[in-house]
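Participant: Structure incoming, see below.
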Amino acid sequence: RKFEWAMDEASGQGVPVIASGAGHDALAMSEVTPIGMLFVRCRDGISHSPLEFVERNDVTVASLSMFHFLAREVLVANAK
């Protein structure tokens, strides 16, 4: 939940926080460091398929979320 403020800042509105059963590589990494996953919505909920499609704006917001988070949590924190 440490990432929520960055998503809100990038989108200009509240965004949903969901629990996911997706493990991906997060399971292995969680043994080493705290993790989180950022999901970008897909048209009609279709993912992991040639039919998968995401809106350009959703990708932009996700990218800005990561930028805001890294800028504040990593760059600023390490500068102190």
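The values are calculated or read from the model by the stated rules, or taken from the named source; none is laboratory data. These numbers come from a predicted model, not from an experiment. Cβ coordinates were reconstructed from backbone atoms using ideal geometry, including for glycine residues, and neighbour counts include every protein chain displayed. The area values use the complete protein model at the heavy-atom level, side chains included, leaving out ligands, DNA and RNA. Shrake-Rupley method; radii C 1.70, N 1.55, O 1.52, S 1.80 Å.
Participant: With the structure loaded, tell me whether Ala6 is part of a helix (DSSP H, G or I), touching a Leu at 6+ places or on another chain (Cβ under 6 Å) and not basic (Lys, Arg) or whether it fails that test.
Facilitator: Judged against the criteria, Ala6 is not a match.
Participant: Aliphatic (A, V, I, L, M), within 20 Å of Gln13 (Cα to Cα), in contact (Cβ under 8 Å) with a residue 24 or more places away in the chain and open to solvent by less than 60 Å² (accessible area, probe 1.4 Å): is that true of Val40 in this structure?
Facilitator: Criteria not met by Val40.
Participant: Restricting to region 9-39, give me the number of residues that are in a loop (DSSP other than H, G, I, E, B), of a type in the set (D, E, K, R) and at pLDDT 75 or above.
Facilitator: Total satisfying the criteria: 1.
Participant: Go through (1) surrounded by 10 or more Cβ atoms within 10 Å (Cβ to Cβ); (2) of a type in the set (S, T, N, Q); (3) not in a loop (DSSP other than H, G, I, E, B) for Ser47 and report which single condition fails.
Facilitator: For Ser47, the exception is condition (3).
Participant: State yes or no: is Val59 assigned to a loop (DSSP other than H, G, I, E, B) and open to solvent by less than 70 Å² (accessible area, probe 1.4 Å)?
Facilitator: Against the criterion (assigned to a loop (DSSP other than H, G, I, E, B) and open to solvent by less than 70 Å² (accessible area, probe 1.4 Å)), Val59 does not qualify.
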